[in-house]
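The values are calculated or read from the model by the stated rules, or taken from the named source; none is laboratory data. Because the structure is a prediction, the values reported are computed rather than measured. We place every Cβ from the backbone using ideal geometry, glycine too, and count neighbours over all the protein chains shown.
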Amino acid sequence: MTVKFISIEGIEGAGKSTQLAFIQKFLAEQGKQLTVTREPGGTALGEQIRSLLLAPSDEAMAVNTELLLMFAARAEHVEKVINPALARGEWVISDRFTDATFAYQGGGRDINQQRITALAEWTLKGLKPDLTLLFDLPVELGQQRVLSRNQGIDRFEQEKVDFFEKVRACYLARAKAEPERIKVIDASQSIADIEVQLSKILLSLL
């Protein structure tokens, strides 16, 4: 039985949550047993770390602290949730994974990519998504969507446009380097058009 690990990526406002629900429903209808999770988070400890990372603050967190907290949560996530689910024969869908760290901490925070790679190799021991769906859209459109939610914004959403431009550029560079794994979805399309594109991509995995 084929088991797949799918990650979902994109800048704020890209509509990941909406599409995650569609992906989950689509694969369940194909008879797949699913574990749906998120990063940072996915475990009790990971959710505590998530709270530390996302809590709005006037005091900047040291970039290395942010990076190490991300990988601390990820180490727990992989060991306690992702690997056991794959071993049980379930498909795993994760809202963000290591590509997010390369994009946000590497691209956005300008942390050396080799440092992130070293932490990834140590923590993940070769684990990588079989498919990454990158929901891409212009930064300004993403920010408009975030503000239109009328919800409080988290620590990352407080960042300026240039931060998200660097994050987006890093995501797209990774997609260009790994086109077989990372599929770019134009998130500025209608939801119906996105779902058609997603259906074709997901059917190719079955």
Restricting attention to the range 14-41, and to residues there that are in a loop (DSSP other than H, G, I, E, B) and touching a Phe, Trp or Tyr at 6+ places or on another chain (Cβ under 9 Å), which single residue is nearest to L69 (Cα to Cα)? E39
Whether any residue in the range 44-59 is more than 30 Å from I194 (Cα to Cα), part of a loop (DSSP other than H, G, I, E, B) and either modelled with pLDDT of 95 or more or touching an Asp or Glu at 6+ places or on another chain (Cβ under 7 Å) (or both) is what I want to check. yes
Checking the conditions here, which among R96, R168 is in contact with an Asp or Glu (Cβ under 8 Å, 6 or more places away or on another chain), farther than 22 Å from G46 by Cα, crowded, with 18+ Cβ neighbours inside 10 Å and at pLDDT 95 or above? R168
Filter the range 135-162 for residues that are among the small types (G, A, S) and either over 19 Å from the mean Cα position of the chain (by Cα) or over 13 Å from G15 (Cα atoms) (or both) and give the result. S148, G152
Mind listing just one residue for me: the one in the range 108-165 that is of a type in the set (S, T, Y) and surrounded by 13 or more Cβ atoms within 10 Å (Cβ to Cβ) and, of those, nearest to K80 (Cα to Cα)? T123
